[in-house]
Amino acid sequence: MKIAVLSGKGGTGKTLVSVNLAAVAKTSTYIDCDVEEPNGHLFFKPKDIIEEEISVKIPKVDGNLCSGCRRCVEFCKFNALAYIKEKLIVFEDICHSCGGCILLCPEKALTEKEKVIGRVQKGTSEQVTVYTGILNPGEPSGIPIIKKLLDENEHERSKTIFIDCPPGSACIVMESIKDADYCILVAEPTLFGVHNLNMVYELVKLFNKPFGVVLNKCLDGENPSEKFCIEKGIRILGRIPFDNELGSLNSNAEIAVRKSEKYRTIFSSLLEDVKKEVHHETTSDS
Amino acid sequence: MKIAIPVNEKSLESNVCVSFGRTPYFLIYDTDTQKSVFLDNSAAASTGGAGIKAAQMIADNKVNILLTPRLGENAADVLKSAEIEIYKTTTASAKDNIDVFIAGKLPLLNEIHAGFHGHGGK
Amino acid sequence: MKQLLILSGKGGTGKTTIASAFIKLSKARAYADCDVDAPNLHLITKQNSLPKKRDYYGLPKAEIDTELCIECGQCRQNCRFDAISADGKYKVDPFACEGCGVCELVCPVEAVTLKPAVAGELLLYTEGEKVFSTAQLKMGSGTSGMLVTEVKKQMKSAAADVEFAIIDGSPGIGCPVIASLSGVDMVLIVAEPSISGISDMERIINTATKFGVKTAVCINKFDTNMQNTEKIENFCKGQGISLMGRIPFDSDAVKAINNGQTIVDIVCASGAAVKVVFSKTMELLFEEGGGLRS
Ligand code: SF4
Ligand code: SF4
């Protein structure tokens, strides 16, 4: 069972929800797909880390074969190539690894070479297996890392897998939720929160994913996000109150369910509800 | 000697454009013939790598000197390979900058800003 | 035009809340929202007029003409982004396509063409003397740095003679942030006293100093973790970064926002604190010769 946790913006509590759900589920897998700013590992502090580098294929030129026809320079849609003083220059961090120039070069002067764009770490924190994807700064796309993170876990389907998605609704988020069985949308109780929730709501609808909302940072009084859910008939999975205890545990990168009975109860019941929902969705689907 | 300047308008009196890669035009001034030509910058519309493409164009036009307020890392690499010298402009017009340069009073451009990784910026 | 950029690392630190208060306090005649992935500023700056809209084109995307397609499979085999599916007819997944043009190159019957694709929308509000530039990126569009640049350009050309502008920056630390940073006179970082907030702040400070932009920090919700607040302050002192003040956590702030008001429209603790931050920031921004300028 794969559960993706997402939100329209960072800082809404996406990591809080996914980390605590994974921790309360005991034997589970937590995957941090927020490869530009992975934060989950700060909470889990995983041990026995195994690291693997992720690379993509970029072109390499053999100056002796290159005739200077410039076909590659003209082809490259990303302007990653320049031909100056009878030499081809490849801009490695601009290259999107499409392979076009290599296919096209009439002199076979271009070949592939590997370029490391980031890494995937696997470790454990109590019974939780923690995967972290880390994109090197300045790389154009984190998608190859996300693909790797999610492929790795194909065989572990029996465990509950929690995917901490990147914020927003860009293509990298789509990649992260592609194979999810269920999506949890985390929303803040403000006007901004509604706007951001609406974005991911559109996204999960587009992908036809079953989903529900967790309302975070709930205060007394009006909650525009709650109103939004009621209006749209969206299932509200749970409410996490705003309080100082949780705030300070979280800002010190502690996992609330491992420190406090109160939060263990809140997240256990949230987990139960989510599981029921997933079960319901998967049985009514088939 | 040929001098290139990114300009906002096709005129010698034009302001210098703050963006090298995305300037609408380049003014190419030939100090030997004292003639100026304006080139449309085809790189301006690229989503990424505009600086590289613009630098390629400057190099292809056999320019020796570039006067610009700012420059990205990648474009600077291209220009350096092409052995083009880069000087930092003032806020004056293109023509004034050429005059100041010829008088030997423009400083070399030293700060090269980090690239935009193909995602725009200027 | 002096431009003040407000940044925060991850979202949710109150960047927009503070930006909107600054806009109110300064009576800024030009402002922009560069958070093109999830713009929020328009929700709270009450725009009465309708915006001028303009499509924003990102990288073109491939399209297959199924009439011409002979289903040879070349495009699918050569696409590095798994963007071409072949259940039934050959089709390009516009969300996966990066517009590299390899399919167009390999297609033996010219059935594939790259077509310009709308990746978002630029909006420009003008009301009397005020100009507000913002944009919304379309779902599934990856590259927003260029759109950020467009938002700033749009503001500048619409308000050419305005001497002061406020820009609500993009979250994160990636390309859109770099695009937000370019050409501004000063950055105010809104930091939150959490472990991840501190690490985000350090990364932005690094980038901003590389750009030679004057940088200052204020701490939002400082009372939610005093220890981390002190850590941030010590860090800034050590780096020679000016501190603009502390803003407390305030449930009245949430109420104000939910009523579509800024925190300086009502009487509240965070509003009072933001006023102090504001005047310090203005002083630093308009101080001549101080800090690094590019
Ligand atoms: S296509 Fe091949 S031969 Fe032509 S310039 Fe590029 S590398 Fe050289
Ligand atoms: S692989 Fe594609 S993106 Fe990279 S240099 Fe070649 S054509 Fe450009």
**Request:** Go through segment A:57-72 residue by residue and tally those that are more than 9 Å from ligand 2 (Cβ to nearest atom) and either within 18 Å of C:GLY99 (Cβ to Cβ) or within 11 Å of another protein chain (Cβ to nearest Cβ) (or both).
**Result:** 2
**Fill in**
Conditions (1) more than 12 Å from the chain's Cα centre (by Cα); (2) assigned to a loop (DSSP other than H, G, I, E, B); (3) under 30 Å from C:ASP223 (Cβ atoms) -> C:SER49 fails only (3)
**Per-region count, segment A:78-92, residues within 10 Å of ligand 1 (Cβ to nearest atom) and touching a helix residue (DSSP H, G or I) at 6+ places or on another chain (Cβ under 6 Å)** = 2
**Item:** Within segment A:78-111, considering residues that are within 7 Å of ligand 2 (Cβ to nearest atom) and assigned to a loop (DSSP other than H, G, I, E, B), the one nearest to the other protein chains (Cβ to nearest Cβ)
**Value:** A:CYS98
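Yes or no: C:GLY120 buried (at least 17 other Cβ atoms within 10 Å of the Cβ) and within 16 Å of ligand 1 (Cβ to nearest atom)?
Criteria not met by C:GLY120.
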**Asked** In this structure, is A:GLY138 within 16 Å of ligand 2 (Cβ to nearest atom), in contact with a Phe, Trp or Tyr (Cβ under 7 Å, 6 or more places away or on another chain) and facing another protein chain (nearest Cβ under 9 Å)?
**Response** no
**Prompt:** Got at least one residue in segment C:243-250 being more than 30 Å from C:SER144 (Cβ to Cβ), among the small types (Gly, Ala, Ser), free of Cβ contacts under 8 Å to residues at least 12 places away in the same chain and more than 14 Å from chain A (Cβ to nearest Cβ)?
**Reply:** no
**Request:** Return a yes/no flag: does segment C:146-155 have any residue that is at pLDDT below 85, within 10 Å of chain B (Cβ to nearest Cβ) and not in a loop (DSSP other than H, G, I, E, B).
**Result:** yes
**Message:** Residues that are touching a residue at least 40 places away in the same chain (Cβ under 8 Å) and under 30 Å from C:GLU98 (Cα atoms), at least 1 per element: which strands (runs of 3 or more DSSP E) completely within segment B:1-65 meet that?
**Reply:** B:2-7
**Complete:** Of the residues in segment A:22-77, those that are within 11 Å of ligand 1 (Cβ to nearest atom), among the charged types (D, E, K, R) and in a strand (DSSP E or B) number 1
**Prompt:** Across segment A:228-238, what is the number of residues that are loosely packed, with under 14 Cβ neighbours inside 10 Å and either free of Cβ contacts under 8 Å to residues at least 24 places away in the same chain or within 20 Å of A:LEU270 (Cα to Cα) (or both)?
**Reply:** 4
**Message:** Tally up the residues in segment B:81-95 that are in a strand (DSSP E or B) and more than 13 Å from B:VAL7 (Cα to Cα), please.
**Reply:** 4
**Condition met for C:SER133 (under 19 Å from the mean Cα position of the chain (by Cα), away from chain B (no Cβ under 13 Å) and under 30 Å from C:ALA191 (Cβ atoms))** = yes
**Asked** Is it the case that some residue within segment C:150-167 is crowded, with 24+ Cβ neighbours inside 10 Å and without any contact (Cβ under 8 Å) to a residue 40 or more places away in the chain?
**Response** no
**Request:** Only helices (runs of 4 or more DSSP H) wholly contained in segment A:155-259 count here; list those with 2 or more residues that are within 14 Å of chain C (Cβ to nearest Cβ), out of contact with any strand residue (DSSP E or B) (no Cβ under 8 Å at 6 or more places or on another chain) and at negative phi.
**Result:** A:171-177, A:191-206, A:224-232, A:244-251
**Message:** Of the residues C:ALA111, C:ALA96, C:ALA86, C:ALA119, only one is touching a residue at least 60 places away in the same chain (Cβ under 8 Å) and of a type in the set (A, V, I, L, M, F, W, C); which?
**Reply:** C:ALA119
**Request:** Could you tell me which of the residues C:LEU243, C:LEU188 is within 18 Å of the chain's Cα centre (by Cα) and either of a type in the set (Lys, Arg) or part of a strand (DSSP E or B) (or both)?
**Result:** C:LEU188
**Request:** Identify, by number, the condition in (1) within 14 Å of chain C (Cβ to nearest Cβ); (2) under 30 Å from A:THR190 (Cα atoms); (3) buried (at least 19 other Cβ atoms within 10 Å of the Cβ) that A:ILE3 doesn't meet.
**Result:** (1)
**Message:** For segment C:232-264, give me the residue count where each residue is modelled with pLDDT of 90 or more, surrounded by fewer than 16 Cβ atoms within 10 Å (Cβ to Cβ) and either more than 29 Å from C:ARG203 (Cα to Cα) or of a type in the set (D, E, K, R) (or both).
**Reply:** 1
**Complete:** Of the listed residues (C:LYS210, C:LYS214), the one being facing another protein chain (nearest Cβ under 7 Å), over 17 Å from the mean Cα position of the chain (by Cα) and farther than 30 Å from C:ASP65 by Cα is C:LYS210
**Asked** If a residue has to be within 13 Å of ligand 1 (Cβ to nearest atom) and β-branched (Val, Ile, Thr) to count, how many in segment A:93-126 make the cut?
**Response** 2
**Prompt:** What number of residues within segment C:170-190 satisfy the criterion of being within 12 Å of chain B (Cβ to nearest Cβ) and touching a Cys at 6+ places or on another chain (Cβ under 8 Å)?
**Reply:** 4
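The values are calculated or read from the model by the stated rules, or taken from the named source; none is laboratory data. No experiment lies behind these values; they were computed from the predicted model shown. Virtual Cβ from ideal backbone geometry, glycine too; neighbours counted across all protein chains shown.
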